[in-house]
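Enquirer: Sharing a structure with you now.
The values are calculated or read from the model by the stated rules, or taken from the named source; none is laboratory data. Quantities reported herein were computed from a predicted structural model and do not represent experimental measurements. With ideal geometry, Cβ positions are generated from the backbone for all residues, glycine too; neighbour counts draw on all protein chains shown. Just so you know, the surface numbers come from the protein's heavy atoms only, side chains and all, with ligands and any DNA or RNA stripped out. Shrake-Rupley method; radii C 1.70, N 1.55, O 1.52, S 1.80 Å.
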Amino acid sequence: MSTTKNYHWRIAGFYFFYYAFVGMFSPYWSLYLKSIHFDVIEIGILMSIQPVMRMIAPSIWGWLADRSGKRLLVVQVASALSALFYLGVFATTSFWGSFLVLAFMSFFWSASMPLVEATTLSYLGKNAAHYGRIRSWGSIGFILTVVGLGFAFDYVAIAWLLWAGLVCELGILVFARQLPATEVLAHHTDHQPIRQIVLQPRVLALFGACFLMSVAHGPYYTFYSIYLVEHGYSKSAVGGLWALGVICEIGVFFLMPALARRFGFTRILLVSFGAAVLRFLLIGWAVDWVVLLLFAQMLHALTFGAYHASALGLVHQFFQGKHQSRGQALYGSISYGAGGMLGGLASGPIWQHWGASALYTFSAGAALLGLLLMWWKLRNMAVNSHQP
């Protein structure tokens, strides 16, 4: 337990600044791009670069970490190069300049989190259900950034966003150097090629469902802020709505050990997908009803908080020993990478041709497909076991 006390704040600090960057980027970067006169198709493309890199980079870096056995060094190098390439945002406002800067920055930025997730779960060992208590510091970083910037941008130019991103990048770099080294314990699956684990029906179903959940969230992360501003919400109100979701997410993170013991990760995932269907329908069709929009944001506790902790827990169960880093990397690449990319790229054309209500109905449909896939292939896990 002394080890937990010694290193908890170091891991928590990394999560804090990493998700503070997300709180800067996801709600406001599209508004910044709009301020420098990019159209919705260009914004959709540029906002999809990060998911593309989250699809490509983690598998490369995860392979390197597992092959070299130097997971911590890989995180530190990736964090340094991410901060270095981020500086390019100060040098260009052209489409292709922004494209290249975001591509290089995102390639290195997206490399570190799956490796840190594997480090955190290895560090917690048998207490993996307590992951949410460390991860909640990321949510706190997100809230402080999204609320603070939301209020700030009612008074200062959106271009100040670039400096907020630099602070977050430097914070990530500092705490990457504070992370503890963790031992990867031997497991009886170490001799198996990783594809043998991936091709198990339960693993394919989980990855497929997580892919669809990220597709569903693509329009949310790409156009939600623009959508609210166009419906008359102030930037501080936009920040408040983003923050409300994450506040509820924190509550679920602290409840996850008890929820996982009571219901198991699979049941929690099924409920999370159902909540996502409802949430995106409310966003698409009830944007002018503040009470319903507030309720939709509260559902973020399920559609991200409970969903992410449960999916991560199952991935940790499926990929043990020397496959940990690549398992987490594959989860990130397929879900937040490929799924986020498809959801983001589809957002622009759907928004442009059919409008926001159709776009968020598309999100609800993707979540429904994920729910059906989970129910079809993983329901037996929910019935047979209450244990996470």
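Enquirer: Compute the projected area of the convex hull of the Cα atoms of the stretch 58-169, averaged over all viewing directions, and report it in nm² to one decimal place.
Expert: Its average projected convex-hull area is 8.3 nm².
Enquirer: Go ahead and estimate [θ] at 222 nm for the chain from helices alone: -39,500 (n - 2.57) per DSSP H run with n ≥ 4, summed, over the residue count, rounded to 500.
Expert: Details: 14 runs with 307 residues, N = 388.
After summing the helix terms and dividing by the residues of the chain, the value is -27500 deg cm²/dmol.
Enquirer: Could you tally the net charge around residue 47, taking each other residue with its Cβ under 15 Å from the Cβ of residue 47, Lys/Arg +1 and Asp/Glu -1?
Expert: 0
Enquirer: Is the shape of the stretch 135-182 best called rounded, prolate or oblate, per the rule: a/c under 1.5 gives rounded, else a/b larger than b/c gives prolate, else oblate, with a ≥ b ≥ c the square roots of the Cα gyration tensor eigenvalues?
Expert: Note, shape of the stretch 135-182 comes out oblate.
Enquirer: Once each part is reduced to its C-alpha centroid, what is the distance from the stretch 60-77 to the stretch 246-283 in angstrom?
Expert: 31 Å
Enquirer: For the stretch 13-30, in order, what is each residue's ³J(HN,Hα) by Karplus, 6.51 cos²θ - 1.76 cosθ + 1.60 with θ = phi - 60°, in whole Hz (x at glycine and Pro)?
Expert: x, 5, 4, 4, 6, 5, 7, 5, 4, 4, x, 7, 7, 4, x, 10, 5, 5
Enquirer: Over the chain, what is the relative contact order in whole percent, taking alpha-carbon pairs under 8 Å and six or more residues apart?
Expert: Values: 637 pairs, mean separation 115.9, N = 388.
Reported relative contact order: 30 percent.
Enquirer: Still on this structure, please answer the following. Compute the relative contact order of the stretch 224-356 as a whole-number percentage, counting only Cα pairs closer than 8 Å that sit 6 or more residues apart in sequence.
Expert: 28 percent.
Enquirer: Given R₀ = 41 Å, what would the calculated FRET efficiency be for residue 288 paired with residue 181, taking r from the Cβ atoms and rounding to 0.05? Write down the numbers at each step before the final one.
Expert: On the way: r = 52 Å, r/R0 = 1.27.
Efficiency at R0 = 41 Å is approximately 0.20.
Enquirer: Where the centre of each part is set by its Cα atoms, how far does the stretch 304-378 sit from the stretch 20-52, in angstrom?
Expert: One Cα centre to the other: 20 Å.
Enquirer: Hey, another quick one. What's the longest bit of the chain with no exposed chymotrypsin sites (Phe, Trp or Tyr not before Pro), using DSSP loop states and at most 14 other Cβ atoms within 10 Å as the test?
Expert: The reported range is 1-154.
Enquirer: First check a/c for the stretch 207-353, with a ≥ b ≥ c the square roots of the eigenvalues of its C-alpha gyration tensor; if it is under 1.5, answer rounded, and if not, answer prolate when a/b is larger than b/c or oblate otherwise.
Expert: Oblate shape, in that a/c is at least 1.5 and b/c is the bigger or equal ratio.
Enquirer: Also: How large, in percent, is the carbon and sulfur part of the accessible surface of the chain at a probe radius of 1.4 Å?
Expert: Reported share for carbon and sulfur atoms: 69 percent.
Enquirer: I want to check the label-to-label distance for residue 230 and residue 144. Put each point 7 Å from Cα in the C-beta direction and report it in nm to one decimal.
Expert: 3.4 nm
Enquirer: With a ≥ b ≥ c taken as the square roots of the eigenvalues of the C-alpha gyration tensor of the stretch 301-345, please select rounded if a/c is under 1.5 and otherwise prolate if a/b is larger than b/c or oblate if it is not?
Expert: Note, shape of the stretch 301-345 comes out oblate.
Enquirer: Okay, moving on. Lys and Arg at +1, Asp and Glu at -1: add these up for the other residues within a Cβ distance under 15 Å of residue 177 and post the number.
Expert: +2
Enquirer: Over the stretch 262-334, what is the relative contact order in percent, taking alpha-carbon pairs closer than 8 angstrom and at least six residues apart?
Expert: Once divided by the residue count of the stretch 262-334, the mean separation gives 34 percent.
Enquirer: While we're looking at this one, here's another question. Among 270, 238, 354, whose Cα lies farthest out toward the positive end of the dipole of the chain, if unit charges sit on the beta carbon of Lys, Arg (+1) and Asp, Glu (-1)?
Expert: Looking along the dipole axis, the top candidate is 270.
Enquirer: Tell me, what is the per residue accessible area of the chain in Å², probe radius 1.4 Å?
Expert: 41 Å²
Enquirer: A further question on this structure: Report the far tail of the P(r) of the chain, meaning the percent of Cα-Cα pairs longer than 27 Å. Kindly include the intermediate steps, with their values, before the conclusion.
Expert: Details: 33468 of 75078 pairs.
Everything past 27 Å amounts to 45 percent.
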